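In what follows, a single structure is set out as structure tokens and then discussed.
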Amino acid sequence: MTTHPLIFITRLLPFLFLAASFSLQAEEQSHDSIYRAAEAHIQQRLGDLPAPAEIKVSELDRRLSLNSCELPLETFDPPSFRRLGRTSVGVRCTGAKPWSLFVSASVRAELPVVVASRALARGSLVQHSDVQLQSISSDELLADYLTQLDEASGKRLRRNVSSGEVLNSGMLLIPKAVKYGNQVTLITRVAGLEVRMKGKSLGQGSIGERVAVENLSSQRRVEGIIRSTDLIEVQ
């Protein structure tokens with residue numbers, strides 16, 4: 001029995017639509033591949049973070065359809081981004097049918113940060129025993145937190161700090177090693193020789209900073225780098 005051509009085509013239509021559907025799906029970039037690219041970029045961005053991070057990539061709109069990229073996806077940082085907290089990553093295709101988008105994500109980690117081991121008064125000099133490291137969620141941390149005890153030790157507090165409070169750089173003041181009028185030793189090196197002279201500070205500063213000084217022997221005004229509370233290197 002011969003099948004009428006119209007009946008044959010009618011029976012074939014569902015298979016044609018199914019094949020077309022598969023073809024369209026094959027030409028779309030999967031959202032999962034974009035998520036994987038964004039997560040890998042964030043992992044690389046975290047670099048030397050001292051604790052494992054929890055990364056949650058936000059889902060794209062399911063209606064978003066992108067051309068399948070014949071090249072590996074590229075990722076990039078937006079003009080401004082955060083390593084921790086709410087952040088974003090750029091993902092793009094540079095193939096024959098290019099596209100680009102930003103993927104949102106949240107990143108958190110339990111970080112070892114410097115906290116006060118007891119209540120500390122404003123103006124006090126922080127001792128090594130006054131601080132300790134404690135793991136705290138990055139969601140609870142403000143900017144400029146400290147991760148090394150040495151970053152706080154030897155510095156002066158700008159305000160009162162309660163026990164267990166996280167220290168940040170804004171709370172601390174580097175004490176002045178040299179003040180105006182201090183008698184200091186000037187040291188200079190010429191042709192491998194070290195010459196020391198008496199001097200007087202004409203300003204104030206912390207170790208490593210430059211300050212004006214007067215050479216008491218020659219009455220000359222020069223500049224030098226503060227090396228300690230009584231030693232200034234003239235270069």
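Each reported figure results from applying straightforward, stated rules to the coordinates on display, with no laboratory input. The structure presented is a predicted model; accordingly, all values stated were derived computationally and were not measured. Using ideal geometry, Cβ is built from the backbone for each residue, glycine included, and neighbour counts are taken over all protein chains shown.
Odds and ends about this structure:
- Applying 1/(1 + (r/R0)^6) with R0 = 35 Å to the Cβ-Cβ distance of SER218 and ALA51 gives a FRET efficiency near 0.05.
- Prolate/oblate/rounded call for region 183-234, Cα gyration tensor, a/c under 1.5 rounded: oblate
- A cut-off under 13 angstrom between Cβ atoms defines the neighbours of ARG62, and their net charge, with Lys, Arg +1 and Asp, Glu -1, is -3.
- Local net charge near GLU214, Cβ-Cβ under 12 Å (Lys/Arg +1, Asp/Glu -1): +3
- Inverse mean reciprocal Cα-Cα distance (Kirkwood Rh) of the chain, Å: 24.1 Å
- Placing unit charges on the Cβ atoms only, positive for Lys and Arg and negative for Asp and Glu, gives region 110-173 a dipole magnitude near 460 debye about its Cα centre.
- In this simple spin-label approximation, LYS97 and GLN183 carry label points 7 Å from Cα along the Cα→Cβ vector, and these lie 8.4 nm apart.
- Summing Cβ point charges (Lys, Arg +1; Asp, Glu -1) relative to the Cα centre of the chain gives a dipole of roughly 1080 debye.
- Taking the C-alpha atoms only, the angle from helix 5-26 to the longest principal axis of the chain is near 10 degrees.
- Between GLU194 and ARG122, the contour length at 0.36 nm per residue exceeds the Cα-Cα span by 21.8 nm.
- Here's the picture: charge each Lys and Arg Cβ at +1 and each Asp and Glu Cβ at -1 in the chain, and of LEU133, THR147, GLY123 the one pushed furthest to the positive end of that dipole is GLY123.
- For ALA116, net neighbour charge (Lys/Arg +1, Asp/Glu -1) across residues whose Cβ lies under 9 Å away: -1
- Qualifying trypsin sites (Lys or Arg not before Pro) in region 101-181, where qualification requires a DSSP coil assignment and no more than 11 other C-beta atoms within 10 Å, comprise ARG122, ARG159.
- Nitroxide proxy distance, nm - points 7 Å out along Cα→Cβ at GLU233 and GLN134: 3.9 nm
- Comparing SER217, SER135, SER33 in a Gaussian network model of the chain (Cα springs below 10 Å), the most mobile by mean-square fluctuation is SER217.
- Of the GluC sites (Glu not before Pro) in region 45-91, the ones in a loop by DSSP (not H, G, I, E or B) with at most 16 other beta carbons within 10 Å are GLU59, GLU70.
- Stretching the chain fully between THR147 and ILE174 yields a gain of 8.0 nm (0.36 nm per residue, less the alpha carbon separation).
- Here the 3J(HN,Hα) profile of region 38-44, calculated from phi with Karplus coefficients 6.51, -1.76 and 1.60 at θ = phi - 60°, is 5, 5, 5, 5, 5, 4, 5 Hz, Gly and Pro shown as x.
- Inter-part distance where region 122-140 and region 176-190 are each reduced to a Cα centre, Å: 32 Å
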